[in-house]
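The values are calculated or read from the model by the stated rules, or taken from the named source; none is laboratory data. Being a predicted model, the structure only gives us computed values, none of them experimental. Every residue, glycine among them, receives a Cβ derived from its backbone with ideal geometry; neighbour counts consider all protein chains shown.
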């Protein structure tokens, strides 16, 4: 749930045009605000609910390294990462159960 709370905090800061306010305070002012804002925007793009709205990995890397400018890219509210993680964990559990059942000595009977 912590990831989702942080995601909401970043989203709210993005909407208010205050992304640098979510940067870890331990850094003080020892960071580039433009770079921090760019990294956070790319992060928001990478967690879009619809996969078609997410950048490809190669495009995300270019955005992070400033080879591709973000400009006025439209970012919509991200999906719930925690929910997606739960789905993937459940998929793994069920596939492990199926695999274990198939490998069981009694399954050949």
Extreme residue, farthest from residue 39 (Cα to Cα), among residues of the stretch 53-109 that are modelled with pLDDT under 60, touching a helix residue (DSSP H, G or I) at 6+ places or on another chain (Cβ under 7 Å) and surrounded by 11 or more Cβ atoms within 10 Å (Cβ to Cβ): 82
Any idea which residue in the stretch 1-52 is surrounded by the most Cβ atoms within 10 Å (Cβ to Cβ), counting only those that are within 14 Å of the chain's Cα centre (by Cα) and assigned to a loop (DSSP other than H, G, I, E, B)? 47
